[in-house]
Amino acid sequence: MSADHARIRILSVDDHPLLREGVAALLASQPDMTLIAEASNGREAVEQFRIHRPDITLMDLQMPEMNGVDAMMAICGEYPAARIIVLTTYAGDVQVLRALKAGARGYLLKGLLRKELLETIRLVHAGQKRMVPEVATELAEHAADDALSVREIEVLRLISGGNANKEIAAQLSITEETVKGHIKNILAKLGANDRTHAVTIGLKRGIIDL
């Protein structure tokens, strides 16, 4: 077995070239790792995965054309054994759960790359799951929360777009009273003081994105 075969083969997916360069530089210094391909959006990630079948895929979540969660679902649908580590700036619990359901084996915040990336790659490659404490805490904090319904998420998304109750009612073909009811539920479930606060929480937790 040559040294090359013993190396962990890695696909790096991110729409920011600077971040990909940073990852490449980190991996270049490791004798047991090799960067075999890069992609700048989810669609490219799926294509590159099919071509190279990497041991580990580093996946950003917020990308143009196809986001990281959709890309993971596509990859894991075809290759259930795929080992994917999410690299993101967000620790939002809803987004974390979505990523884990889509097949992520690790979840890492970009601010911790230097400190945590190499160890996370080795652990996930060895078959373990890895989540940094910051993310685990965020998940635990909201574990017992009442989740927003699909309709409530739609309403929150429309609020974040600056729509008034009347406009939301028109767009969803419901009455203004129903909209008010949904907003009341959203505020209660999120522990928000008002609409703006609800949007801020929704973005932070990954319930909605801009």
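The values are calculated or read from the model by the stated rules, or taken from the named source; none is laboratory data. Worth saying up front: this structure is predicted, and the values here are computed from it rather than measured. Ideal geometry is used to build each Cβ from the backbone, glycine not excepted, and the neighbour counts take in all protein chains shown.
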Kindly indicate which of Leu35, Leu123, Leu109 is aliphatic (A, V, I, L, M), surrounded by 14 or more Cβ atoms within 10 Å (Cβ to Cβ), touching a helix residue (DSSP H, G or I) at 6+ places or on another chain (Cβ under 8 Å) and more than 28 Å from Asp146 (Cβ to Cβ).
Leu35
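Report whether or not Ala198 is more than 30 Å from Ile10 (Cβ to Cβ), in contact with a helix residue (DSSP H, G or I) (Cβ under 8 Å, 6 or more places away or on another chain), touching a residue at least 24 places away in the same chain (Cβ under 8 Å) and of a type in the set (Gly, Ala, Ser). Please lay out each step first, then the result.
Working: more than 30 Å from Ile10 (Cβ to Cβ): yes; in contact with a helix residue (DSSP H, G or I) (Cβ under 8 Å, 6 or more places away or on another chain): yes; touching a residue at least 24 places away in the same chain (Cβ under 8 Å): yes; of a type in the set (Gly, Ala, Ser): yes.
Yes.
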Count of residues meeting criterion [more than 20 Å from Ala71 (Cβ to Cβ) and assigned to a strand (DSSP E or B)] in region 9-58
2
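Taking region 62-75, which residues are touching a residue at least 40 places away in the same chain (Cβ under 8 Å) and in a helix (DSSP H, G or I)? Don't jump to the end; show me each part of the working.
So the first thing to find is which residues in region 62-75 are touching a residue at least 40 places away in the same chain (Cβ under 8 Å), and the list is 62-64, 68, 71.
Answer for region 62-75, where residues must be touching a residue at least 40 places away in the same chain (Cβ under 8 Å) and in a helix (DSSP H, G or I): Gly68, Ala71.
Residue by residue, here is whether (1) of a type outside the set (Val, Ile, Thr); (2) assigned by TED's automatic domain parsing to the domain that holds Val199; (3) out of contact with any strand residue (DSSP E or B) (no Cβ under 6 Å at 6 or more places or on another chain); (4) farther than 22 Å from Gly127 by Cα holds:
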site: Pro54; (1), (2), (3), (4): yes, no, no, no
site: Thr57; (1), (2), (3), (4): no, no, no, no
site: Leu87; (1), (2), (3), (4): yes, no, no, no
site: Tyr90; (1), (2), (3), (4): yes, no, yes, yes
Assess whether Thr120 counts as being among the polar types (S, T, N, Q) and under 20 Å from Asp14 (Cβ atoms).
yes
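Rundown of residues vs (1) under 25 Å from Thr88 (Cα atoms); (2) touching a strand residue (DSSP E or B) at 6+ places or on another chain (Cβ under 9 Å); (3) hydrophobic (A, V, I, L, M, F, W, C); (4) not assigned by TED's automatic domain parsing to the domain that holds Leu97, yes/no style:
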residue	(1), (2), (3), (4)
Arg157	yes, no, no, yes
Asn163	no, no, no, yes
Lys166	no, no, no, yes
Glu176	no, no, no, yes
Val179	no, no, yes, yes
His182	no, no, no, yes
Ala188	no, no, yes, yes
Asp194	no, no, no, yes
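Tell me the residue from Asn193, Asn185 that is surrounded by fewer than 14 Cβ atoms within 10 Å (Cβ to Cβ) and closer than 23 Å to Ala143 by Cα, please. If you could, list the steps in order and put the result at the bottom.
Values: Asn185 fails: surrounded by fewer than 14 Cβ atoms within 10 Å (Cβ to Cβ).
Testing whether each residue is surrounded by fewer than 14 Cβ atoms within 10 Å (Cβ to Cβ) and closer than 23 Å to Ala143 by Cα leaves just Asn193.
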